[in-house]
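The structure appears below as C-alpha cells.
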Amino acid sequence: MQLELTLYAPEGSDYAASDLGFLLHKHPGHLHERDTAQGKVSIFFPKVSEAEARAVIYLDVDPVALVRGKNEQSDGLLAQYVNDRPYAANSLLSVALGRVIGQTMSGKSKDRQSLADRALPFRIRIAPVAVSGGIDVIEELFSPLGYEFDAKTLDDTGRRAVFDLDLTITARLSKILNHLYVLVPVLDNAKHYWIDKAEIEKLLAKGGDWLPSHPAKELIARRALKHRRSLVEQALERLSETIDEEVEEESAADTGEEKLEKPIRLHDLRLDTVRDAILAAGARTVLDLGCGEGKLIRRLIRERGIERVLGVDPSVRTLETAARRLHLDEAGDRLRERVQLQLGSLTYGDRRWQGFDAATLVEVIEHIDPPRLAALELSLFGDARPGMVVVSTPNRDYNVLFEGMAPGTLRHGDHRFEWTRTEFANWAGRVAATHGYATDIRPLGPEDATHGAPSQMCVFTREGAA
C-alpha cells in the first residue's frame with residue numbers, strides 16, 4: 001500500500017516544491033527505509049523540481065509477522081491468512097505514518113517552519129485503498145474538508161471495494177496528514193489492532209480542530225472505534241463539549257458588532273487570519289492584549305509550534321471566563337506553562353510584556369479613548385518591542401453596507417472611534433516610522449469595490465527582527 005504526496009509551486013511562488021523534503025524531514029536524494037510492526041516502510045522521491053516534487057511512502061506489509069503472538073481476541077488463524085482483502089489494510093498505513101513522519105504530522109519543520117505553517121497546493125494519491133460503502137463514503141468524508149477527489153475502482157468483488165484514490169487540496173501538510181491518519185482507516189471500516197479508551201484520545205488529538213464540526217463525525221467516530229458503543233458515546237460527548245463551548249461563546253457575543261457582522265462570519269475570519277499570520281512568521285511566543293474570553297488563545301494553543309501565550313485583559317470577569325473555557329483549572333503543568341492570563345491595563349507598560357515574538361490587538365484599539373492611544377503605542381511598540389504586532393480594527397468606510405445601521409453610528413456601544421482605511425493607514429505609518437517597524441496592511445473579509453472590506457489588519461514587523 002502506498003501514499004504519494006505531490007507538492008506544486010506555481011510560477012511566481014516564493015517557495016520551491018523541492019522543499020517538500022524539508023517538510024518531511026527526508027533528503028530527496030536518498031532512499032529512506034524503516035522496519036515497523038506493520039512492515040517495511042520506504043520513502044523515496046521519484047520527482048523533484050522547483051515546480052513539482054513527489055514523495056512516495058510505500059508500506060510493504062508482512063502478514064506473517066502481523067499474526068505472530070496473536071491472542072484469544074484475534075480471529076481464527078484462517079481469517080488471519082485468508083480473507084477478502086488484498087491486504088490493503090488501511091489502518092496499517094495510518095499507524096505507519098505516525099511512526100515514520102510523526103514530526104511532519106505535528107506541524108514541525110526544522111528548516112522550513114514557515115512553509116509547514118502555511119496552506120500549500122497538494123495532490124495525494126493512495127493505492128490500493130479499501131472502502132466500505134464505495135464512492136459515496138469517500139464523498140461524505142473528504143468533501144466537507146475541502147478536498148476534490150477522483151476514485152478509480154480496482155476491485156469490487158469483495159466485501160469492500162478497492163480504489164486508487166486521488167485527492168487535491170490547498171492546506172497545511174500537517175492538517176492533510178492528520179485527516180488521512182483518521183479517515184483512511186474509517187474508509188475501510190476496520191482496524192487491525194485492539195481498541196480501548198486510548199483510541200478516543202488519539203481521535204481527539206488528530207481530529208480535535210476539525211472533527212467536531214464535520215457533518216459525518218458520528219460515522220467517523222463509530223468506524224474509528226470499531227462500533228464499540230460505550231467508546232463511541234464517550235467520543236461523541238467529548239466532541240459535543242467542544243461544539244457547545246463554541247456555540248456558547250458565539251451566543252454570548254451575539255449582540256451589537258457581532259450581530260452585524262455574523263452574516264459574513266467576520267469574527268472567525270479575523271481570529272483565523274491573525275493566527276495564520278503569527279504562524280507564517282514563525283512566532284513561538286505570543287502576547288495577546290485584550291484577550292477577552294480567550295478565543296484567539298484557544299486557536300493558538302492547538303498549534304504545536306506555539307510555546308507560550310500571555311493573555312492580558314482589564315476585566316477580571318472576562319479572564320475568569322477565559323480560564324474556564326481554556327480549562328486551565330484542569331490543565332496539567334505543560335498547558336499551565338504555555339498559557340498564562342494577566343489582569344492589566346493596556347495603556348500602562350509592563351515588563352512582563354517584553355521578550356515576545358509577536359503581540360496581537362484584535363479589535364481592541366477602537367475601545368481605547370484616542371488621547372490614551374499614545375500610551376499604548378509607547379508601552380507596546382516602544383518598550384515591549386515584540387518582533388511583530390498584529391492589529392485589526394473595523395473599517396468605518398464599510399459601515400454603510402450593514403443593513404439597519406443608522407448613518408454616523410458605530411458598530412458597538414463601547415467603541416470610542418472607528419477609522420476609515422485612510423485613517424488606519426496614516427496611524428499605522430506614523431507608529432511604524434516612530435518605533436522602527438515596517439507595515440503590511442491587509443483587508444479582512446469580502447471586499448466591496450467602493451468601501452473596501454468590513455475590517456482591516458496591519459502586520460507590523462520590527463526592523464532587524466529575526
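Coordinate-derived values only; no laboratory data. Keep in mind the model is a prediction, meaning the values are calculated, not measured. Using ideal geometry, Cβ is built from the backbone for each residue, glycine included, and neighbour counts are taken over all protein chains shown.
Points to keep in mind about this one:
- Residue exposure proxy: Arg351, Arg372, ordered by other Cβ atoms within 10 angstrom of their Cβ from fewest to most, comes out as Arg351, Arg372.
- Estimated 222 nm signal from helices in the chain, with DSSP H stretches of n ≥ 4 weighted -39500 (n - 2.57), rounded to 500: -10000 deg cm²/dmol
- Computed over the range 256-462, relative contact order equals 20 percent, with contacts defined as Cα pairs under 8 Å that lie 6+ residues apart.
- Rounded tilt (10° steps) of 90-100 against the dominant C-alpha axis of the chain: 60
- Using a Förster distance of 45 Å, the FRET efficiency for His30-Ala406 (Cβ separation, nearest 0.05): 0.10
- Cross-link pairs beyond the 23 Å C-alpha cut-off, checked among Lys110/Lys197; Lys108/Lys202; Lys26/Lys175; Lys197/Lys217: Lys110/Lys197
- Angle between the chain longest axis and helix 229-252 axis [Cα atoms, degrees, rounded to 10]: 20
- Whole-number percent relative contact order across the chain, with pairs defined as alpha carbons under 8 Å at least 6 apart: 10
- Helix 198-207 vs. the chain, principal-axis angle (Cα, 0 to 90°, nearest 10): 50
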